[in-house]
């Protein structure tokens with residue numbers, strides 16, 4: 001399955017944003033190179049101005065860089081063509097996807113998903129960012145529903161304010177859950193932070 005042609009994904013624009021507005025997954029133009037943001041941390045030191053510590057990866061050679069921007073500093077964010085795809089299945093090191101609008105099928109490397117790979121489920125809707133016919137980042141839904149496969153038994157009388165306990169999910173990840181959650185319960189998990197949010201309704 002070939003990647004979609006350049007003619008469909010060739011509009012790249014640059015807009016200026018404040019460093020404090022940088023988010024994971026953003027694409028920044030820095031030193032005449034394009035970088036995808038992996039991690040951000042906002043710091044307010046005792047003296048001096050606040051700053052954003054940004055870990056980012058070059059989309060071409062995959063080298064990583066850590067840059068400290070002043071919070072009010074202007075940075076250049078690249079805006080790319082985005083398109084929604086449905087995940088058909090994971091095949092080894094690639095994801096087989098189908099466009100939700102045109103049903104065209106493409107194959108992309110699973111490494112674009114990174115540590116979020118366990119959250120992928122067949123049929124999930126993903127958003128791809130393209131730069132010059134190349135998919136460079138994938139956005140998953142903010143939350144997914146997972147089933148608890150292992151955890152300590154529920155103790156009657158415990159409330160949500162009690163300390164959390166570790167639980168294993170059906171996708172192999174471990175998260176901390178409230179004491180009232182038991183094996184077989186379905187829970188809502190935030191993808192980016194792998195945090196428990198609530199029981200699935």
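The values are calculated or read from the model by the stated rules, or taken from the named source; none is laboratory data. Keep in mind that what you see is a predicted model, and the values were worked out from it rather than measured. Reconstructed Cβ throughout: ideal geometry from the backbone, glycine too, with neighbour counts over all protein chains shown.
Some observations on this one:
- Residue in the stretch 39-53 that is within 29 Å of residue 169 (Cα to Cα), buried (at least 16 other Cβ atoms within 10 Å of the Cβ) and either modelled with pLDDT under 90 or in contact with a strand residue (DSSP E or B) (Cβ under 6 Å, 6 or more places away or on another chain) (or both) present: yes
- Residue 127 vs. criteria within 15 Å of residue 24 (Cβ to Cβ) and touching a residue at least 60 places away in the same chain (Cβ under 8 Å): no
- The test for being modelled with pLDDT under 90, under 19 Å from the mean Cα position of the chain (by Cα) and surrounded by 12 or more Cβ atoms within 10 Å (Cβ to Cβ) holds for residue 82.
- Residue 59 surrounded by 16 or more Cβ atoms within 10 Å (Cβ to Cβ), touching a strand residue (DSSP E or B) at 6+ places or on another chain (Cβ under 9 Å) and closer than 20 Å to residue 15 by Cβ: yes
- Single residue of 148, 191, 144, 154 found to be touching a residue at least 24 places away in the same chain (Cβ under 8 Å), touching a strand residue (DSSP E or B) at 6+ places or on another chain (Cβ under 8 Å) and over 27 Å from residue 38 (Cβ atoms): 148
- Filter result for residue 183 (farther than 30 Å from residue 58 by Cβ and either touching a strand residue (DSSP E or B) at 6+ places or on another chain (Cβ under 6 Å) or in a strand (DSSP E or B) (or both)): yes
- Candidates in the stretch 124-137 are the residues that are assigned to a loop (DSSP other than H, G, I, E, B) and over 17 Å from the mean Cα position of the chain (by Cα); of these, the one that is farthest from residue 97 (Cα to Cα) is 132.
- Counted residues, the stretch 181-195 - those being within 16 Å of residue 152 (Cα to Cα) and buried (at least 16 other Cβ atoms within 10 Å of the Cβ): 3
- Sub-7 Å Cβ pairs linking a first residue in the stretch 33-49 that is on the phi > 0 side of the Ramachandran plot to a second residue that is at pLDDT 85 or above and part of a loop (DSSP other than H, G, I, E, B), at least 6 apart or interchain, number zero.
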